[in-house]
Structures are given as C-alpha cells and as structure tokens.
Amino acid sequence: MTVICPYCSQSIHLNKTLSTAVQSGGNPQTQVNFVGGECPSCHGIIVICSSLIKGVANDDECRRAMVFPKNRAMRLVSPDIPHELAEDFVEACAVLDVSPKASAALSRRLLQRTLHERFSINRPNLQQEILEFISTLNPPSHLAQQLDAIRSVGNFAAHPIKDTTTGAITDVEEGEAELLIETLESLFDYSFVQPAKWSATKAAINAKLSAAGKPTIP
C-alpha cells in the first residue's frame with residue numbers, strides 16, 4: 001500500500017498487515033485490514049485501516065482511513081528545538097484540522113516568540129520584526145520568502161490585530177494556517193537544527209585536528 005507519510009510528506013510503501021477481521025451481516029460483506037509500518041525517511045509510525053466492502057454484482061468499494069497518527073498535521077520535532085517552543089508547535093499542528101484559526105494564532109505567537117528569544121528582535125508589531133529579521137540576518141531565500149508571504153497571505157493590513165496581538169484568534173485566509181506551520185519548520189531548522197548539526201560536526205573535526213597537533217576551527 002502506497003501512502004503519503006503524515007510526518008515528512010514522502011511517498012512510502014506500507015506492506016505489514018497488523019490484523020484482519022471479516023464482518024458479515026448478509027450483504028454487503030466488509031473485510032477490514034490494518035496495515036502499518038515505519039516511514040523509512042523519518043521513522044514515524046503509521047497505521048492505516050483499509051476496508052473492502054463487497055457489494056452486489058462485483059461492485060466493490062475500498063475505503064482507507066489513517067488510524068495513527070490521528071491528526072494528519074502531526075510533525076516530528078527535532079530534540080534541538082527548545083522544549084517550550086516545541087510544545088507550542090506540536091499543539092499548533094494538533095489543532096490544525098480542527099481549528100485553523102486556533103492553529104494560526106498559536107503559530108503567530110510562536111513565530112514572534114522565536115524572533116524575540118532567539119534573535120532579540122523586538123519591535124511594535126510582527127510585520128516590523130519579520131522585516132528586521134530578513135534585512136539584518138539575511139536568511140536563506142526560501143525562509144525569507146515564506147516569512148514575507150505570511151504578511152501578504154495573512155493580510156495584515158486588513159487584520160491589524162494579527163500584527164499587534166499575535167495570539168488573538170481571528171479569521172484566517174485559505175492556506176494561512178498551513179503556511180505558518182511550514183514557515184515555523186523552516187525557521188526552527190535555520191535557528192536550532194542546522195546550528196546544532198554544525199556544532200557537532202565542528203567538535204568531531206576539532207577532535208581529529210587536535211589529535212594530529214593541528215590548529216582547531218574556532
């Protein structure tokens with residue numbers, strides 16, 4: 001069974017049947033299979049319920065539903081991200097399908113908090129903070145474009161409360177909540193994950209250089 005991983009969005013193949021049950025109540029007959037496995041890319045655990053409903057005249061119907069993770073917006077969070085930020089991010093993902101408004105409010109507040117705490121950027125509103133982050137830190141182009149899109153997709157001009165009271169629950173534009181989640185993932189990768197990887201790599205290289213009696217990387 002080929003599915004899209006709900007964690008990393010890669011196309012993967014699941015072939016491990018966990019259990020099978022046949023329910024029969026006359027016509028139609030329903031055969032239920034639970035198929036699961038581990039994503040080879042991100043190692044997230046996935047369980048799919050596949051129901052084959054046998055109709056009359058060979059008119060069969062197949063239905064699939066994700067059993068785990070229950071929420072399709074679930075993401076894996078790197079241990080390099082501070083716990084307080086990771087906790088809010090998981091919550092924003094968890095409510096995305098149920099309430100995009102609540103998810104967007106959590107994400108905007110988390111975005112602003114990251115700019116405040118990680119980069120010491122404090123301005124009267126989120127729009128100014130985003131502009132300062134882009135202009136002073138020169139982040140990768142994809143992250144700069146995502147952050148800039150938040151201002152336009154969120155229509156800060158029409159909804160100034162999003163800009164000044166980031167945690168307020170307000171109406172969202174189509175795709176706005178999803179964009180905020182994706183942008184936070186990129187921001188976390190830039191802010192915490194990649195620096196941690198470089199720190200580990202540098203430490204390993206410096207250990208070899210030191211053992212060889214050569215100058216280390218500062």
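Nothing in this text is a laboratory measurement; each read-out follows from the coordinates by a stated rule. These numbers were taken from a predicted model, which means no experiment stands behind them. Every residue, glycine as well, gets a Cβ built from its backbone with ideal geometry; the counts of neighbours run over all protein chains shown.
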*asked:* Looking at the calculated P(r) for the stretch 83-200, what percent of the C-alpha pair distances fall above 26 Å?
replied: 12 percent
*Report the net charge of residues surrounding GLY167, where surrounding means a beta-carbon distance below 13 angstrom and charges are Lys +1, Arg +1, Asp -1, Glu -1.*
+2
*Going 7 Å from the Cα of ALA203 toward and past its Cβ, which residues in the stretch 79-103 have a backbone nitrogen under 17 Å from where you end up?*
79-82
_Please compute the modelled spin-label separation between GLU87 and ARG118, points set 7 Å along Cα→Cβ, answer in nm with one decimal._
1.8 nm
*If we count other beta carbons within 10 Å of each Cβ, what is the order of LYS214, LYS101, fewest first?*
LYS214, LYS101
_Just to be sure I understand the model, the point goes 7 Å from the Cα along the line to the Cβ. What's the resulting ASN125 to GLU173 distance in nm?_
1.5 nm
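Count charges around PRO195 for me, please; just the other residues with Cβ under 11 Å from its Cβ, Lys/Arg as +1, Asp/Glu as -1. Before the final figure, lay out each step's value.
On the way: positive: ARG118, LYS197, LYS202; negative: ASP80, ASP189.
Net of charged neighbours comes to +1.
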_Coil-residue GluC sites (Glu not before Pro) of the stretch 82-184, DSSP, other Cβ within 10 Å capped at 16_ = GLU173, GLU174
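Apply 1/(1 + (r/R0)^6) to the Cβ-Cβ distance of SER141 and VAL32, taking R0 = 41 Å, and write down the FRET efficiency to the nearest 0.05. Intermediate values should be presented prior to the final figure.
Details: r = 47 Å, r/R0 = 1.16.
E between SER141 and VAL32, to the nearest 0.05, is 0.30.
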